[in-house]
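Report on the following structure.
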Amino acid sequence: MKYEDIEFLFQYVGSGRRFERSAYLNRRTGESYLISDLGDSDELPDDFDESDDYLGIPHWNDLDLGEKLVFEFVEQRLPFAIERVHDFFRRAGAYGRFRDLLDRNDLLDEWHKFEADRARAAMLEWCKVNHIELQD
């Protein structure tokens with residue numbers, strides 16, 4: 001399986017709220033299936049419920065790529081703002097306020113790189129644990 005294919009599945013699941021979107025990978029064939037609460041879903045194979053070949057793709061939060069990642073970055077790059085960021089995450093719209101803070105401190109590009117690097121490492125580790133071989 002190509003890394004880009006796995007990355008697409010993770011992006012798909014992570015682009016919605018937790019449990020809003022699902023993706024499954026057939027470990028044997030490499031085929032993937034996308035499921036959405038919005039109704040635009042792939043039809044699952046007949047053996048889906050009986051076979052161990054299908055592996056659910058985790059959401060970003062399942063891999064600690066949500067708030068935990070935000071606070072790790074803030075501790076490293078904006079330690080003076082840690083309480084402020086905690087306040088952001090006590091209310092709706094936290095990520096928007098967080099991105100505004102990063103933008104005001106010229107750290108948005110650095111955050112995107114940090115987030116992408118951590119996401120890639122987490123996806124690769126997940127693949128390794130689940131015995132999914134990736135092509136270069």
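The values are calculated or read from the model by the stated rules, or taken from the named source; none is laboratory data. Computed from a predicted model, the values in this text were never measured in an experiment. Glycine also receives a Cβ, built like all others from the backbone with ideal geometry; neighbour counts cover every protein chain displayed.
So which residues in segment 57-90 are modelled with pLDDT of 95 or more and either surrounded by fewer than 13 Cβ atoms within 10 Å (Cβ to Cβ) or on the phi > 0 side of the Ramachandran plot (or both)?
Scanning segment 57-90 gives 75, 76, 79, 80, 82, 83, 87, 90.
Would you call residue 111 touching a Pro at 6+ places or on another chain (Cβ under 7 Å) and surrounded by 13 or more Cβ atoms within 10 Å (Cβ to Cβ)?
It is false that residue 111 is touching a Pro at 6+ places or on another chain (Cβ under 7 Å) and surrounded by 13 or more Cβ atoms within 10 Å (Cβ to Cβ).
Which ones in segment 33-56 are under 16 Å from residue 131 (Cα atoms) and either in contact with a Phe, Trp or Tyr (Cβ under 9 Å, 6 or more places away or on another chain) or at pLDDT below 90 (or both)?
54, 55, 56
Exactly one condition in (1) at pLDDT 95 or above; (2) within 25 Å of residue 8 (Cβ to Cβ); (3) among the aliphatic types (A, V, I, L, M) is false for residue 132; which is it?
Going through (1) at pLDDT 95 or above; (2) within 25 Å of residue 8 (Cβ to Cβ); (3) among the aliphatic types (A, V, I, L, M) one by one, residue 132 breaks only (1).
Can you pull out the residues in segment 103-119 that are without any contact (Cβ under 8 Å) to a residue 12 or more places away in the chain and not small (Gly, Ala, Ser)?
103, 104, 106, 108, 109, 112, 113, 117
Just need a number here: residues in segment 89-136 that are under 24 Å from residue 26 (Cβ atoms) and in a helix (DSSP H, G or I).
10
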